[in-house]
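Below: the structure, in structure tokens.
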Amino acid sequence: MKRTIKDARAATLVSPKTHSYEVGYGKPPTATRFEPGQSGNPRGRPKGRRSKSQVPDIERLKSIILGEAYRTIKVNDGDRQVSISMAQAIVRSLAISAAKGQARSQRLFAELLRTTEREMKAGRDEWLKTAIEYKVDWENELERRKQLGIVLPDPIPHPDHIEIDFNTDQVFIKGPMTKKQKATWDRLRKRLSECDRAIAEFEAMLKNRKNKKTWPIVQEELEFERDLRAKLVAAVG
């Protein structure tokens with residue numbers, strides 16, 4: 001079960017060096033938080049300044065724009081009609097104009113392409129850097145725990161489950177990335193062990209020539225366990 005950067009966005013790669021305080025929405029960094037009893041705006045609202053309720057709802061406007069951008073419309077594609085998003089239709093129209101030789105469209109499309117590829121590469125490079133640091137730091141931390149006899153829960157994802165292809169600079173996570181996935185992963189691994197035991201038992205029963213009458217049933221159960229095991233191996237390795 002390998003996951004690439006596309007489905008690893010939800011994974012939080014927290015290095016053991018990172019402070020345990022979580023930073024996010026409603027949780028600013030410790031250094032920038034106000035002291036208890038300290039106002040974030042000690043001077044108050046200036047006179048003549050409109051209240052927040054009077055200010056246009058920018059977030060709502062953004063939502064409307066995104067809704068229109070990804071609204072599905074029908075466009076002609078050769079001799080048939082296809083359904084695509086408004087944003088895709090606009091980019092396609094721009095690309096077609098550029099292909100027809102319109103200089104302005106060519107410049108705009110080339111710049112759009114360069115910007116997109118540059119930002120995607122920056123994202124991949126940042127993800128690669130984060131994955132390498134996470135893997136190395138946690139490998140060192142787990143080795144330290146082992147030498148000192150410290151028993152603590154393993155990190156999620158486990159550094160052994162992070163695979164880095166330095167030829168393509170791709171990162172794969174071939175294990176659980178959240179606690180919920182880890183619980184499911186453990187159940188599947190447990191069932192895999194049960195499959196191995198059942199297969200061994202059924203194979204031993206088939207070798208017993210005294211119980212030939214039960215062979216068809218045993219053979220059917222054996223095939224079921226083998227098929228299930230193959231699926232589990234494909235899922236959890």
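The values are calculated or read from the model by the stated rules, or taken from the named source; none is laboratory data. As the structure is a computational prediction, the values presented were derived from the model and not from experiment. Because the Cβ atoms are built from the backbone with ideal geometry, glycine has one as well, and the counts that use them run over all protein chains shown.
Here are the numbers for this structure:
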| quantity | calculated |
| --- | --- |
| Cβ-Cβ under 8 Å pairs, at least 6 apart or on other chains, segment 86-109 side within 22 Å of ARG71 (Cβ to Cβ), far side among the acidic types (Asp, Glu) and assigned to a helix (DSSP H, G or I) | MET86/GLU68 |
| Segment 60-80, residues that are within 29 Å of the chain's Cα centre (by Cα), among the charged types (D, E, K, R) and closer than 19 Å to SER93 by Cβ | GLU68, ARG71 |
| Flag for LYS190 being loosely packed, with under 13 Cβ neighbours inside 10 Å and assigned to a helix (DSSP H, G or I) | yes |
| Residue check for LYS74: over 28 Å from PRO157 (Cβ atoms) and at pLDDT below 95 | yes |
| Only one of PHE166, PHE224 that is surrounded by fewer than 13 Cβ atoms within 10 Å (Cβ to Cβ) and of a type in the set (Phe, Trp, Tyr) | PHE166 |
| Sole residue being in a loop (DSSP other than H, G, I, E, B), more than 30 Å from PRO157 (Cβ to Cβ) and at pLDDT 65 or above, chosen from GLY37, GLY101, GLY67, GLY44 | GLY101 |
